[in-house]
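Trainee: My structure is below; once you've seen it, I'll send some questions.
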Amino acid sequence: MLSPAIMRSNALSPMQSSGTTAASTTSLSVLPDAAKLVFRGKTEAIEAAGAHFGVKPSLEACRFAAVGGRSVYWLGPDEWLFQAVNENPIEVFGGMSAALQGQACSLVDVSHRSDGIAVAGPTAALVLNHGCPLDLSLKAFPVGMCTRTVLGKASLLLSRSEEHVFHVDVWRSFAPYVWQFLDEARSLS
Amino acid sequence: MLLINCPYCGPRPEAEFANGGQAHIARPADPMSLTDDEWAAYLYMRDNTKGLHHERWRHANGCGRFFNASRDTTTDVIKRTYRMGERPEAEHQGAKP
Ligand SMILES: [Zn+2]
């Protein structure tokens, strides 16, 4: 288990103040750090995990569920991401793994792997489409949808929390690139 | 951009997928009983189909799952995608399954 002494800084913290000055209707902001656990297992285990976490995981493909600062993202037919904003990863992981004792599943703490960006504004979908080939219309990508996809050269988890608000969860080493990509895109649109 | 129908996520852009080569190649149950030529054939020899070809794809930047696709190699049209463990549809079995 990771020592609490090992702290890390958000890979995006230097980016926040370095945006373009171009007027844009789309805003970029760094999302708060969160505890993030990747779960893989069958139905019985995911139900137990959801009951402990306090959020019922979606069994439907490409959907997330949220209660307060806690959310569960469908990643694959047997794979979910549990996210708890501003919570201690060690405590969240400890509680989850205790609740899953005896279940056939895997649980991995990936809290330090990725950082989050909120892309908000009436042209947020257009900005994302500069590098993401998905159809981001409300019909094809409704509020409550999430999926791993690509943006430019990076792989990331994209979700839509409101009509005009998307969240991007991207691995640390790609985070500055994605931020700059989106920042440039929003200055063009 | 070409759309590929992931059996889990639905139609998605080609850029999210990775090709995994010919499908339905079973690993020999007892490799030790094979000759070197037979083992080499299992490892390396693949069909070079002109027409309908059953192959593996992975939704690498999506759900991450492998699945199968029946693709026409002359037109690049994917006739059908289906999950691992399933067989190609009878109407598409003209080519080697
Ligand atoms: Zn998929």
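Bear in mind these aren't lab numbers, they're just calculated from the coordinates by the rules spelled out. This one's a predicted model, so the numbers in the text were calculated from it and none came from an experiment. When we count neighbours, we look across all protein chains shown, and the Cβ atoms used for this are built from the backbone with ideal geometry, even at glycine.
Trainee: Starting from the Cα of A:Lys36, draw a straight line to each of the lysines and keep only those under 25 Å, dropping any in the same chain fewer than 8 residues away.
Mentor: Excluding near neighbours in sequence, the set is A:Lys56, A:Lys153.
Trainee: Over chain A, what is the mean sequence separation of C-alpha contacts under 8 Å (at least six apart), divided by residue count, expressed as relative contact order in percent?
Mentor: 26 percent
Trainee: Once you place label points 7 Å from the Cα toward the Cβ at B:Ala26 and B:Met45, how far apart are they in nm?
Mentor: Each label point lies 7 Å from its Cα, and together they span 1.8 nm.
Trainee: Run the reach check for A:Lys139 against aspartates and glutamates, Cα to Cα strictly under 18 Å, same-chain hits fewer than 8 apart removed. What comes back?
Mentor: Excluding near neighbours in sequence, the set is A:Glu60, A:Glu162, A:Glu163.
Trainee: Sticking with this one: With the crude spin-label approximation of a point 7 Å out along Cα→Cβ, what separation in nm comes out for A:Glu60 versus B:Arg80?
Mentor: 2.7 nm
Trainee: Going 7 Å from the Cα of B:Ala15 in the Cα-to-Cβ direction, what parts of region A:126-149 have a backbone nitrogen less than 12 Å from that spot?
Mentor: A:128-135, A:149
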